[in-house]
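The values are calculated or read from the model by the stated rules, or taken from the named source; none is laboratory data. Keep in mind it's a predicted model, so treat the numbers as computed, not measured. Reconstructed Cβ throughout: ideal geometry from the backbone, glycine too, with neighbour counts over all protein chains shown. For the accessible areas, the whole protein counts, side chains as well, though only heavy atoms, and no ligand, DNA or RNA atoms are used. Shrake-Rupley method; radii C 1.70, N 1.55, O 1.52, S 1.80 Å.
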Amino acid sequence: MVTRLKEVDAVVIGIGWTGSILARELTKAGLRVVGLERGKMRTPEADFALPFIRDELKYHVRQELVQDPALETLTLRHELSESALPFRRFGAFMPGMGLGGAGTIWNGMTWRFLPFDHELRSRITARYGKNAIADDMTIADWAMRYDELEPYYERFEKLCGTSGKAGNLNGEIIAGGNPFEGPRRSDYPNPPLPPSHAGMLFENAAKSLGLHPYPTPSANLSREYRNPEGLVLNPTLFCGHCDRFGCATNSKASPNSTILPVLLADPRFELRPQSWVTELVHDTASRKVAAVRYTDMATGEEFEQPAGLVALCAYPFTNTKLLLLSRIGTPYDPVTGQGAVGKNYCYQVTGNVAVFFEKEEINPFIAAGANQMNVDDFNGDNFDHGGLGFFGGALIFAGPVHGRPIAGRMTPPGTPRWGRAWKEATAKWYSRAFTIHASGANFAHRANYLDLDPTYRDALGRPLIRMTYNFRDNDRKLSAFTTAKAVEIARAMNPTILGMPMPRRGDFNVLPYQSTHNTGGTIMGEDPKTSVVNRYLQAWEASNLFILGASTFPQNPGHPPTGAVGALAYWAADAIATRYLKTPGALVPA
Amino acid sequence: MAASDYLTLTEAEAAFLQAAADTIIPADALSPSASQCGVIDFIDCELAGPYGEGARLYRDGPIEKGKPEHGYQLGLTPRDFFADGIAAAEAWTQARFGRSFAALGETERGEALAAMESGKAEFAGFGAKEFFEALLTIVMEGFFADPYYGGNRDLAGWKMLGYPGLMADYQAAIETYRGKRYRAKPRSIGDFA
């Protein structure tokens with residue numbers, strides 16, 4: 001039996017970064033908002049407290065704050081001809097679960113995408129010719145340009161207190177920042193973090209090669225900061241427990257530290273944790289979502305919550321799954337190329353190389369999640385791709401994220417993995433090694449997509465999301481090229497031992513951690529036939545449904561995505577508050 | 001079989017694990033052996049608890065053999081995986097050496113583990129390589145996890161690395177120790193709880 005509840009102004013599904021931002025903006029606009037969160041209630045005081053939060057086994061290895069695959073996971077096949085098997089544990093990526101979502105357990109890298117990334121297809125075509133883009137590369141322009149999104153990037157940085165160094169202030173290139181970034185109206189709210197020793201070794205090597213190193217725009221704060229919500233964030237302790245952990249000292253911007261204390265205290269907001277949304281009830285006559293059905297996971301009771309406005313703010317897999325289960329929009333068909341729901345699933349194409357120094361001390365445990373030195377010289381279209389056979393590039397960076405003893409030990413190539421020789425090498429190199437990473441773009445491919453698995457089910461008996469995904473020609477060439485560039489920087493450091501270069505080879509593997517940068521499935525665009533949401537992230541098929549998050553990216557650039565995820569949330573919230581609420585209906589004619 | 005002192009391990013399993021773990025992490029100047037550091041107690045607790053019972057593991061069928069890139073695809077809980085894996089490893093060791101694993105000398109133990117690691121060992125009905133990887137992983141977890149969980153006794157694993165543990169406030173140290181080794185007496189959850 002389903003209990004039908006009284007209508008509310010708005011329902012927000014998923015209270016991570018986008019859901020927190022949107023719910024806050026909607027309550028500020030006077031709406032009564034219900035937040036449906038599938039995970040548990042969480043507060044920093046109760047759940048991230050010292051000393052128990054700094055428990056590598058519980059949080060890093062056993063993944064306590066990550067989505068529980070026993071309740072819900074997804075399946076993988078590499079090609080259309082195969083059957084998919086479930087991710088029985090998470091490895092390659094770590095979707096969040098619980099109040100704050102993946103925003104609780106991120107490292108804090110807060111980039112803006114390059115102007116190029118927002119106009120990808122147009123710019124590649126303009127520079128390299130009409131036939132440059134292969135037919136099976138289904139990349140697209142964003143539905144808004146960088147300069148339109150710029151004020152919203154700024155808002156998210158101010159919310160987080162992002163610590164960084166501008167490289168382009170109103171068109172003026174600033175030494176020490178990223179000269180390739182789009183023009184900024186203002187500098188970061190806080191100065192950059194002091195670099196680590198590894199970061200400085202990377203910086204010097206990059207400079208010696210004529211490259212342009214700059215510090216990570218970091219949501220680990222460099223000083224005490226009161227954000228526009230009136231909440232105080234503290235300077236980072238460099239404790240080396242960012243990714244997969246909640247922050248004990250409010251030094252990492254997360255939904256839990258930057259918005260939720262204000263939102264949860266607001267009588268216009270009601271949080272319903274452990275509420276699993278099963279369906280958006282689509283009224284095809286009015287082209288609206290009439291209500292949201294959900295199951296209370298504590299009691300098993302089912303509810304139907306009618307709402308004037310519905311915002312889908314879950315992770316890309318869940319956003320896509322709920323549209324498919326609710327039959328909103330046309331599922332993407334990789335054979336015909338028709339349909340848009342599930343289309344353009346993208347990931348991150350990562351590569352790396354390790355360096356070992358007999359005479360340097362790295363202290364890898366003195367680390368913050370987003371304190372590296374970086375170069376953008378081989379990212380986006382910042383270099384000529386003529387004759388290279390691929391498009392896009394990678395952010396290349398170095399600086400330890402942590403030195404945690406179970407997961408953070410490095411030994412030179414050829415070292416045994418156990419026994420006396422392993423012990424000697426581990427003790428010798430633990431503090432004398434680090435990794436140079438390449439975080440590469442992943443451009444959409446016709447055969448990479450999401451749909452519903454025909455076999456495997458979640459804890460509520462619903463189909464799992466099936467990922468059909470593999471690295472394609474562009475990805476392998478991009479990874480080989482950018483990893484080789486990382487090796488050039490590594491050589492310029494003159495390490496005692498150079499590790500084995502690790503470009504992305506072979507098939508996508510669920511085991512080694514690569515990044516939790518999963519995008520697409522409900523992409524934005526200007527054509528309802530080839531996209532799911534319009535430029536205001538409003539669903540073409542239901543005018544009162546907005547879909548937020550990286551699921552709206554047409555493809556995934558080299559920079560980590562969270563800065564753009566936050567910017568898009570403010571962009572959509574602004575369109576809802578200033579335009580949609582005044583005249584509800586389609587903001588862009590279909 | 002004699003009653004076990006462990007929560008879930010049998011005496012035979014514990015004997016295998018002790019011999020294997022002490023081959024993976026032997027006693028030397030850098031640290032005592034794995035078992036001297038409590039690693040077998042750690043494994044016992046982990047396998048007796050939610051992890052061993054399959055918490056956070058998707059176990060729905062159909063169970064099918066995947067590609068290596070699909071990761072773990074067995075229907076076994078970690079507790080049952082180790083029960084079956086240890087039994088298969090013991091059977092293989094008996095057939096290969098004519099003795100139980102714990103009765104082997106140090107060199108033979110090393111040979112046996114190397115054969116499992118490389119895939120040269122073939123267990124009856126069980127993946128030798130997969131078993132070795134799981135064994136190596138849980139031994140390392142026990143040696144390096146906070147002693148709260150029974151292993152890493154006297155912080156031997158952290159001392160071997162020079163990992164200072166908690167509370168980890170390096171606001172000044174990131175600059176004052178840049179390029180210089182930061183050393184401190186390591187402290188764990190128990191020092192603060």
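So the values come out like this:
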{"read-out": "Residue in segment B:156-168 that is surrounded by fewer than 14 Cβ atoms within 10 Å (Cβ to Cβ) and within 13 Å of another protein chain (Cβ to nearest Cβ) present", "value": "no"}
{"read-out": "Selection count where residues are in a helix (DSSP H, G or I), in contact with a helix residue (DSSP H, G or I) (Cβ under 9 Å, 6 or more places away or on another chain) and surrounded by fewer than 17 Cβ atoms within 10 Å (Cβ to Cβ), scope segment B:95-110", "value": "5"}
{"read-out": "Filter result for the condition that a residue is touching a strand residue (DSSP E or B) at 6+ places or on another chain (Cβ under 8 Å), among the polar types (S, T, N, Q), more than 14 Å from chain B (Cβ to nearest Cβ) and more than 30 Å from A:I396 (Cβ to Cβ), over A:T104, A:T110, A:T27", "value": "A:T27"}
{"read-out": "From B:P147, B:P186, residue being more than 7 Å from every other protein chain (Cβ to nearest Cβ), closer than 30 Å to A:R223 by Cα, at pLDDT 95 or above and open to solvent by 10 Å² or more (accessible area, probe 1.4 Å)", "value": "B:P186"}
{"read-out": "Top-ranked residue in segment A:248-285 [being of a type in the set (A, V, I, L, M) and out of contact with any helix residue (DSSP H, G or I) (no Cβ under 9 Å at 6 or more places or on another chain); ranked as nearest to A:G103 (Cα to Cα)]", "value": "A:L264"}
{"read-out": "Residues within segment B:140-178 that are more than 22 Å from A:A433 (Cβ to Cβ) and in a loop (DSSP other than H, G, I, E, B), tallied", "value": "8"}
{"read-out": "Residues of segment A:531-551 satisfying the condition of being assigned to a loop (DSSP other than H, G, I, E, B) and open to solvent by less than 10 Å² (accessible area, probe 1.4 Å)", "value": "A:S531, A:N534, A:L537, A:A542, A:N544, A:L548, A:G549"}
{"read-out": "B:A88 being surrounded by fewer than 22 Cβ atoms within 10 Å (Cβ to Cβ) and closer than 25 Å to B:W158 by Cβ", "value": "no"}
{"read-out": "Segment A:119-141: number of residues that are open to solvent by less than 10 Å² (accessible area, probe 1.4 Å) and assigned to a loop (DSSP other than H, G, I, E, B)", "value": "1"}
{"read-out": "Residue that is farthest from the other protein chains (Cβ to nearest Cβ) [pool: residues in segment B:40-69 that are surrounded by fewer than 18 Cβ atoms within 10 Å (Cβ to Cβ) and in a helix (DSSP H, G or I)]", "value": "B:A48"}
{"read-out": "Scan of segment A:231-242 for residues that are buried (at least 18 other Cβ atoms within 10 Å of the Cβ) and among the hydrophobic types (A, V, I, L, M, F, W, C), ordered by number", "value": "A:L231, A:L233, A:L237, A:F238, A:C239, A:C242"}
{"read-out": "Answer residue from segment A:506-525, given it is within 14 Å of another protein chain (Cβ to nearest Cβ) and hydrophobic (A, V, I, L, M, F, W, C) and is surrounded by the fewest Cβ atoms within 10 Å (Cβ to Cβ) among those", "value": "A:L511"}
{"read-out": "Pair list, Cβ under 7 Å, 6 or more apart: segment A:52-67 residue more than 8 Å from chain B (Cβ to nearest Cβ), other residue among the β-branched types (V, I, T) and open to solvent by 20 Å² or more (accessible area, probe 1.4 Å)", "value": "A:H60/A:I406"}
{"read-out": "Test: A:T522 is in contact with a Gly (Cβ under 9 Å, 6 or more places away or on another chain), touching a residue at least 60 places away in the same chain (Cβ under 8 Å) and more than 22 Å from A:L478 (Cα to Cα)", "value": "yes"}
{"read-out": "Selected residue [touching a Pro at 6+ places or on another chain (Cβ under 7 Å) and not basic (K, R)] from B:G151, B:G157, B:G125", "value": "B:G157"}
{"read-out": "A:G408 vs. criteria surrounded by fewer than 24 Cβ atoms within 10 Å (Cβ to Cβ), modelled with pLDDT of 95 or more and either under 30 Å from A:W422 (Cα atoms) or not aromatic (F, W, Y) (or both)", "value": "no"}
{"read-out": "Answer residue from segment B:4-39, given it is among the hydrophobic types (A, V, I, L, M, F, W, C) and open to solvent by 10 Å² or more (accessible area, probe 1.4 Å) and is farthest from the other protein chains (Cβ to nearest Cβ) among those", "value": "B:A12"}
{"read-out": "Residue in segment B:120-137 that is nearest to the other protein chains (Cβ to nearest Cβ), counting only those that are surrounded by fewer than 22 Cβ atoms within 10 Å (Cβ to Cβ) and within 10 Å of the chain's Cα centre (by Cα)", "value": "B:L136"}
{"read-out": "Residue within segment A:342-351 that is away from chain B (no Cβ under 14 Å) and of a type in the set (A, V, I, L, M) present", "value": "yes"}
{"read-out": "Meets criteria (farther than 26 Å from A:T3 by Cα, open to solvent by 50 Å² or more (accessible area, probe 1.4 Å), more than 14 Å from chain B (Cβ to nearest Cβ) and not in a helix (DSSP H, G or I)) for A:P228", "value": "yes"}
{"read-out": "Conditions (1) under 25 Å from B:A134 (Cα atoms); (2) touching a strand residue (DSSP E or B) at 6+ places or on another chain (Cβ under 7 Å); (3) β-branched (V, I, T); number of the one not met by A:V34", "value": "(1)"}
{"read-out": "A:E157 among the acidic types (D, E), surrounded by 18 or more Cβ atoms within 10 Å (Cβ to Cβ) and over 20 Å from A:A394 (Cα atoms)", "value": "yes"}
{"read-out": "Residue match in segment A:2-19 (condition: within 14 Å of chain B (Cβ to nearest Cβ) and aromatic (F, W, Y))", "value": "no"}
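Yes/no matrix, rows are residues, columns are (1) surrounded by 22 or more Cβ atoms within 10 Å (Cβ to Cβ); (2) among the charged types (D, E, K, R); (3) out of contact with any Lys or Arg (no Cβ under 7 Å at 6 or more places or on another chain):
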{"residue": "A:R244", "(1), (2), (3)": "yes, yes, yes"}
{"residue": "A:A253", "(1), (2), (3)": "yes, no, yes"}
{"residue": "A:L260", "(1), (2), (3)": "yes, no, yes"}
{"residue": "A:Q274", "(1), (2), (3)": "no, no, no"}
{"residue": "A:D283", "(1), (2), (3)": "no, yes, yes"}
{"residue": "A:A298", "(1), (2), (3)": "no, no, yes"}
